[in-house]
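Derivation of every value follows stated rules applied to the coordinates shown; laboratory data play no part. A quick note: this is a predicted structure, and the numbers were derived from the prediction, not measured. Cβ atoms come from the backbone with ideal geometry, glycine included; neighbour counts cover every protein chain shown.
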Amino acid sequence: MSSIVEAVPGPVGPGILRKMSLWWGNWPLTQVAVIAAVIALFWLLGHNTAETMARIGIAPGFDFLGRPANFEIGETPIAFRAGDPYARAILAGLLNTLRAAALGCVLATILGVILGVAGLSGNLLLAALVRWYVEIVRNTPLLLQLFFWISLAKSFPSPRQALSAFGSFFLTNRGVFVPGLGFHNVSAPTVWVLAGLAIAYLAFVAWARGKRSLPARRLGLATALLVGGIVLAFPLTGAGATWELPALAGFNIRGGYNLTPEFAALLAGLVVKFSAAIAEIVRAGIQSVDRGQWEASRALGLHRGQIMRLVVLPQALRVITPLTTSSYLDLTKDSSLAVAIGYPDLVSIINTTANTTGQSLEALTMLIAIYLAINLSVSVAMNVYNRRVALRGNGRA
Amino acid sequence: MTISEVLDSRTWRSSATLQMLKIGLFGTPLNSIITMATVALLGWIVPPLVRWGVFDATWTGTSADCAAASGACWAFVGAKFRFILFAFYPPALQWRPAIVMALLLGLLIVTAQPRFWRKGLLVAWFVVVAASWILMSGTLTPPAVPSNQWGGLAVTLFVWSVCFGLATPLAILLALARRSSMGGLRVLAVAFIELMRGTPMVAILYVAMLILPMAIPNGQLIDKNVRAMIMITLFWSAYVAEVVRAGLQAIPSGQQEAATALGLGYWRTMQLIVLPQALRLVIPGMVNLAIGFLLATSLLAVIGIFDLLNAARSSATDPQWLGYYNEAYLFAALIYFLLCFGGSRYSLWLEKYLRRSERI
């Protein structure tokens, strides 16, 4: 409404009060009454809560964050011992959640794209297999799948009798061992050099994108320079990196990366559940591109790979991206089910905090605020990406 | 038609199927390789599973029989069937949740058929939900059973249908508020919907467990089950509201303007013109949401309510039948799968049905 009024040429636009009342709309007093009722309800609930807390002798406020937390956390990316403050415990939980969610998103995307493409491969047997995988995974609860994965992870043999694949992956009851890069003597200069390389690379790509001239060859050259730089940076700054294979040493397996049974189960559950969702999204996205596009591209003499890369995928991505975004957000939220299988994620730490301090209102408020912040930032980032995909499509059309 | 003609047509049809299979499985060299690899993969995975689940399995008997065999113990499922359906509901009164389950499933089957979509169905929902509550709690037919003894599949179906049924009217109000020209209510609706949709359901359940008892006067007296249902209803209403909003957005504004021109007020316009069209559009979306919600009720296990999943899990902690988790989970998974797979097939059929009836 207001924009129409503004568009009319004339000396006087609507005043600020008029604009506000237009925005507020019909039935102004009823709205005020409803909002007042909601505020009154929350005041009442808050009042009751404060009264209950006073009765059981808990002072409201966030002072508890600085107090020592007398519990251990099974696994943390940052050092944590019993006695460290609650704030640090919550940070450790948050990092655990982010670690599971980020790794889950990446692996679910890879598996989902493979499954989605396999479903469209034209091979009847493979397509039927993918169809059933998706149906079974989609129609059973994630929590049930997590219970299954954790009981599987705990039933693996001890390290000495570990199930191994290719001599480098080990499944044991102490977790899953995978090969990985081990770093030694990493110093501040190493980090600076690596950061500088990454920034230079990203700046070059952004600049070339901005000019809309990024031939594959130049991008390849830049990537090769980046990789070469990284490889050289380590010996030049005195650091080393080796490809470590896990191997049996004594009673345990050493080397590579160790995923605890809880983390491995959570990751397996999230990846399986969301790869099915992403496979469906990829399938829907590719099928949303009209058949005529394939036929026309073939008539122009493009081969299958070129058609996919140059014609179909750019259009399919416009369907795929927003749906995948909401899948990522769901995955992040669903990683909270970790609490049921004993992985110390944010929810699990917040729950322990609430139970040991009695400050459940503050703890849960923090929990909800953190999830809202994660959700909001991912949506914003994805919206920016979305707009770029859409613009690029229009620019080239 | 002579016999030879029948035979001819049959061989022709089967050869067409064969032809399709041939192209689909061995059409190109790559396709043949994929088929071989898939068969090899299946050959590696399926036989041990079949051996475990069928040939080496124990179908009847006691846990001693199961311990003797190396396969699955389906006798366990037979012994724990009642527990998985009703959990800790007093055994002598288990006819109550049985009737409730029958009522709710009957209601769902009736609701699924478009020819019953009338005002009477709303009344039926109200009556069945109220009757289920009265039966489960036993307020009118003593002895009363407190809701912390409810459990199993009965509680899963009960929480699901009651919360979904209560969330829908709330969601319609939220969606209307979000679409309205009233700034204050719009902000309120957006804030509520985004808050709920940005929060994991586990966090909402913890609010029901930890905050509600403090916030409601005498909140400790309200059962865990009821508290969880209050919060789940609020939580789901945000999701339903977004689906309803999509339907409202699809109705051309001319409809509302025409209704206003005819002298209808806001509520009558919505009730008679806009909502009937909008809700019809979003029915398939609602069915999909309902399937997701049924799976989500399994989160009740996290706060220690004995829903289907938790009942299945704890049935394997019985000292007599210790550790048959795989069988318990598979049985629970089968129930969830049948309900949800049936639901998603139904949703596909419904979409086609609605599109067809639109065209006529």
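Taking 17 Å as the straight-line reach from the Cα of residue A:333, the aspartates and glutamates in range (excluding those fewer than 8 positions away in the same chain) are A:345, B:194. P(r) tail for chain A: Cα pairs beyond 33 Å make up 55% of the total. Highest GNM mean-square fluctuation among B:203, B:290, B:332, for chain B modelled with Cα contacts below 10 Å: B:203.
Among B:322, B:262, B:309, the residue with the largest mean-square fluctuation in a Gaussian network model of chain B, with springs joining Cα atoms closer than 10 Å, is B:262. Could you estimate the translational diffusion coefficient of region B:74-359 from the Stokes-Einstein equation, with Rh from the Kirkwood formula over C-alpha pairs, at 4 °C and 1.567 mPa s, in whole µm²/s? Rounded to a whole number, D works out at 63 µm²/s. Cα centroids of region B:174-215 and region B:280-348: 26 Å apart. Net charge near residue B:240, counting Lys/Arg +1 and Asp/Glu -1 over other residues with Cβ under 14 Å of its Cβ? Residues close to residue B:240 contribute a combined charge of +2. Membrane-span-like helices of chain A, defined as complete DSSP H segments with a Cα extent of 27 Å or more along the helix axis and a mean Kyte hydropathy of at least -1.0, are identified as A:28-55, A:86-119, A:188-210, A:216-236, A:261-287, A:313-334, A:360-396. DSSP beta bridges confined to the protein assembly as shown are antiparallel in about 85 percent of cases.
Near residue A:265, once Lys and Arg are set to +1 and Asp and Glu to -1 for all other residues with Cβ below 15 Å from its Cβ, the sum equals +1.
Quick check: net charge around residue B:97, other residues with Cβ under 14 Å of its Cβ, Lys/Arg +1 and Asp/Glu -1? Display every interim value, and only then the final one.
Details: positive: B:82, B:96; negative: B:307.
Local net charge: +1.
Lacking any other cysteine beta-carbon closer than 4.7 Å, the following Cys residues of chain B have no compatible partner: B:163, B:340. In the calculated pair-distance distribution of region A:11-146, the portion above 27 angstrom amounts to 65 percent of the Cα-Cα pairs.
Remark: the Cα gyration tensor places region B:16-55 in the oblate category, a/c being 1.5 or greater and a/b not exceeding b/c.
Could you identify which residue out of A:57, A:74, A:255 has the top mean-square fluctuation in a GNM of chain A using Cα springs shorter than 10 Å? The residue with the greatest mean-square fluctuation here is A:57. Taking a ≥ b ≥ c as the square roots of the eigenvalues of the alpha-carbon gyration tensor, the protein assembly as shown is classed rounded because a/c is under 1.5. How much of the pair distance distribution for region B:307-360 lies past 12 Å, counting alpha-carbon pairs only, in percent? In whole percent, the share of Cα-Cα pairs in region B:307-360 beyond 12 Å is 70. Specify the inter-centroid distance of region A:128-168 and region A:52-113, based on alpha-carbon positions, in whole Å. That distance is 27 Å.
Excluding same-chain neighbours fewer than eight residues apart, the lysines reachable from residue B:352 by a Cα-Cα span under 28 Å are A:273, B:119.
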